[in-house]
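*Asks:* Here it is, the structure, as structure tokens.
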Amino acid sequence: MMIRKASCSCGQVTLFAEGEPSRISICHCSACQKRTGNVFATQARFEEAQIRVEGDVKSYCRQADSGNGVWFEFCPNCATTLCYRLQALPGVIGVPVGLFADSDFPAPQVSVYEARQHPWVRLPEQIEHID
């Protein structure tokens, strides 16, 4: 079975994901733009049983646009977000795709909150587009 390794910027925290993600998505919401410092975030969803985290993490909870809670786990040294959990999807963990540093990682299947997408961003037409 495939095991992918992700890590924070300073290397204090490592995340291992076993198997394939259930969904890979791009999010254009304002919160993801602020969290990443980029115009969108790309994340992969895994079942909780597929994820193992080694190292010390801190947690932060914010309210999503939906009104549900979102818990982020991040490295207390370098502040890299390692993963997040959605109140609306118990047992599912989202992992930022860039942490894997894997150019063979599968492409996103869906793009969400496109109403907030920057007008110059161009995405593949074959993925599902959701406002």
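The values are calculated or read from the model by the stated rules, or taken from the named source; none is laboratory data. Remember, it's a predicted structure, so these values are computed and weren't measured experimentally. Positions of Cβ are backbone-derived with ideal geometry, glycine not excepted, and every protein chain shown enters the neighbour counts.
*Asks:* Considering only residues that are part of a loop (DSSP other than H, G, I, E, B) and modelled with pLDDT of 95 or more, look in the stretch 1-19 and name the one that is farthest from Glu47 (Cα to Cα). Don't jump to the end; show me each part of the working.
*Replies:* In the first step, residues of the stretch 1-19 are kept if they are part of a loop (DSSP other than H, G, I, E, B); the result is 1-2, 8-13, 19.
Narrowing further to those that are modelled with pLDDT of 95 or more: 8-13, 19.
On the way: Cys8: 20, Ser9: 24, Cys10: 26, Gly11: 24, Gln12: 23, Val13: 19, Gly19: 10 Å.
Ranking the qualifying residues of the stretch 1-19, first place goes to Cys10.
*Asks:* Here's a follow-up. Among the residues of the stretch 31-44, are any of a type in the set (Phe, Trp, Tyr), surrounded by 18 or more Cβ atoms within 10 Å (Cβ to Cβ) and either closer than 20 Å to Val112 by Cβ or at pLDDT 95 or above (or both)?
*Replies:* Taking the stretch 31-44 as the starting set, the residues that turn out to be of a type in the set (Phe, Trp, Tyr) are 40.
Applying the additional criterion that residues be surrounded by 18 or more Cβ atoms within 10 Å (Cβ to Cβ) yields 40.
Subsequent filtering for residues that are either closer than 20 Å to Val112 by Cβ or at pLDDT 95 or above (or both) retains 40.
Checked the stretch 31-44: at least one residue is of a type in the set (Phe, Trp, Tyr), surrounded by 18 or more Cβ atoms within 10 Å (Cβ to Cβ) and either closer than 20 Å to Val112 by Cβ or at pLDDT 95 or above (or both).
*Asks:* Oh, and also: Please count how many residues of the stretch 86-111 are under 23 Å from Arg4 (Cβ atoms) and surrounded by fewer than 19 Cβ atoms within 10 Å (Cβ to Cβ).
*Replies:* Start the filter on the stretch 86-111 by keeping residues that are under 23 Å from Arg4 (Cβ atoms), which leaves 86, 89-111.
The next check asks that each one be surrounded by fewer than 19 Cβ atoms within 10 Å (Cβ to Cβ); those that pass are 86, 89-92, 98, 100-107, 109-110.
Here the count works out to 16.
*Asks:* Just wondering, is there one or more residues in the stretch 45-68 that are touching a residue at least 40 places away in the same chain (Cβ under 8 Å), aromatic (Phe, Trp, Tyr) and farther than 20 Å from Trp120 by Cα?
*Replies:* The answer is yes, given that some residue of the stretch 45-68 is touching a residue at least 40 places away in the same chain (Cβ under 8 Å), aromatic (Phe, Trp, Tyr) and farther than 20 Å from Trp120 by Cα.
*Asks:* Applying the selection to the stretch 119-131, what residues are surrounded by 10 or more Cβ atoms within 10 Å (Cβ to Cβ) and either over 24 Å from Ser22 (Cα atoms) or touching a helix residue (DSSP H, G or I) at 6+ places or on another chain (Cβ under 9 Å) (or both)?
*Replies:* Scanning the stretch 119-131 gives Val121, Leu123, His129, Ile130, Asp131.
*Asks:* Just wondering, is there one or more residues in the stretch 110-118 that are free of Cβ contacts under 8 Å to residues at least 12 places away in the same chain and of a type in the set (D, E, K, R)?
*Replies:* Let us first name the residues in the stretch 110-118 that are free of Cβ contacts under 8 Å to residues at least 12 places away in the same chain, namely none.
Taking every residue of the stretch 110-118 in turn, none turns out to be free of Cβ contacts under 8 Å to residues at least 12 places away in the same chain and of a type in the set (D, E, K, R).
*Asks:* Please go through the stretch 18-44 and give me each residue that is among the charged types (D, E, K, R) and in contact (Cβ under 8 Å) with a residue 12 or more places away in the chain, ordered by number.
*Replies:* If we filter the stretch 18-44 for residues that are among the charged types (D, E, K, R), which is where we start, we get 18, 20, 23, 34-35.
Correct list: Glu18, Glu20, Arg23, Arg35.
Residue-by-condition table, conditions (1) among the hydroxyl-bearing types (Ser, Thr, Tyr); (2) closer than 22 Å to Gln109 by Cα:
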| site | (1), (2) |
| --- | --- |
| Lys5 | no, yes |
| Cys10 | no, no |
| Thr14 | yes, no |
| Ile24 | no, yes |
| Val39 | no, yes |
| Val53 | no, no |
| Ser59 | yes, no |
| Ala64 | no, yes |
| Gly69 | no, no |
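*Asks:* Just name the residue that is nearest to Cys27 (Cα to Cα) out of those in the stretch 78-109 that are free of Cβ contacts under 8 Å to residues at least 24 places away in the same chain and polar (S, T, N, Q).
*Replies:* Ranking the candidates gives Gln87 first.
*Asks:* Further, regarding this structure: Residues to consider are Gly55, Gly11, Gly67; find the one that is more than 15 Å from the chain's Cα centre (by Cα), buried (at least 16 other Cβ atoms within 10 Å of the Cβ) and at positive phi.
*Replies:* Working: Gly11 fails: buried (at least 16 other Cβ atoms within 10 Å of the Cβ); Gly67 fails: buried (at least 16 other Cβ atoms within 10 Å of the Cβ).
Only one candidate passes the filter, namely Gly55.
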